[in-house]
Amino acid sequence: MSVKILISACLLGQPVRYDGRANDDKTDNFRHQLQRWQEAGILIPVCPEVAGGLPTPRPAAEIDQGDGEAVLQGKARIISRDTEDFTREFIDGAQQALACAQRHGVIAALLAARSPSCGSDGIYNGEFNATLREGMGVTAALLSKHGIPCFSPEKFPDLLQWLRQQNKAFAQQFID
């Protein structure tokens, strides 16, 4: 079985962020590793927000009164600064990302940080004041719930260590 890793499309340079930009600057320190994996067909890019039907660009959104798990339980919602509700689109996108991950046999995910979809080690607090709080975005929470560990670019060394422990043959061939 070949190793597959789900990755936020914005981390590979696709301009799908809410503001129409990419997040590939977040991967500068390990871009060579991602290029190697991409050439080998290991990376499965996805943008849950676009998959859920949201346009690019789109209004910035944050989770109000909770985290991704609370959104999945119907206890929180995802809103824009002007209180437009995007909860359904974020849930739909998370479900599509999970289906994609399962279809490809993904073993881990490298997801954009702080996003209400992809944040895996902290998200914005829902007040649009750039304050972080603990919690995961909707997609990260759903993937984690289904046994797919999620890592942010800041935690890339942890992903490498996890991969070394999971698959020594992969590590020898694909980790510098």
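The values are calculated or read from the model by the stated rules, or taken from the named source; none is laboratory data. As the structure is a computational prediction, the values presented were derived from the model and not from experiment. So basically every Cβ, Gly included, is an ideal-geometry build from the backbone, and we count neighbours across all protein chains shown.
Among the candidates VAL50, VAL106, single out the residue that is buried (at least 21 other Cβ atoms within 10 Å of the Cβ) and of a type in the set (A, V, I, L, M, F, W, C). Please lay out each step first, then the result.
Values: VAL50 fails: buried (at least 21 other Cβ atoms within 10 Å of the Cβ).
Only one candidate qualifies: VAL106.
Across segment 54-75, what is the number of residues that are loosely packed, with under 13 Cβ neighbours inside 10 Å and not polar (S, T, N, Q)?
Of segment 54-75, the ones loosely packed, with under 13 Cβ neighbours inside 10 Å are 55, 65, 73-75.
Filter once more, keeping what is not polar (S, T, N, Q): 55, 74-75.
Here the count works out to 3.
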For segment 119-128, state whether one or more residues are among the hydroxyl-bearing types (Ser, Thr, Tyr) and over 10 Å from the mean Cα position of the chain (by Cα). yes
What number goes with the only condition from (1) of a type in the set (A, V, I, L, M, F, W, C); (2) closer than 16 Å to SER8 by Cβ; (3) loosely packed, with under 13 Cβ neighbours inside 10 Å that ALA130 does not pass? (2)
Can you name the number of the only condition in (1) surrounded by fewer than 21 Cβ atoms within 10 Å (Cβ to Cβ); (2) at pLDDT 95 or above that SER2 fails? (2)
Contact list, first residue from segment 89-112 and closer than 21 Å to PRO59 by Cα, second anywhere and surrounded by fewer than 17 Cβ atoms within 10 Å (Cβ to Cβ) and modelled with pLDDT of 95 or more, beta-carbon distance below 7 Å, six or more apart or interchain, is GLU89/GLY53; ASP92/GLY53
Which fully enclosed strands (runs of 3 or more DSSP E) of segment 29-134 have 3 or more residues being closer than 30 Å to GLN165 by Cα? 43-46, 108-110
Being over 19 Å from PHE170 (Cβ atoms), within 17 Å of the chain's Cα centre (by Cα) and in contact (Cβ under 8 Å) with a residue 12 or more places away in the chain is the filter here, so list the residues in segment 19-44 that pass it. ASP19, GLY20, ALA22, ASN23, ASP24, LYS26, THR27
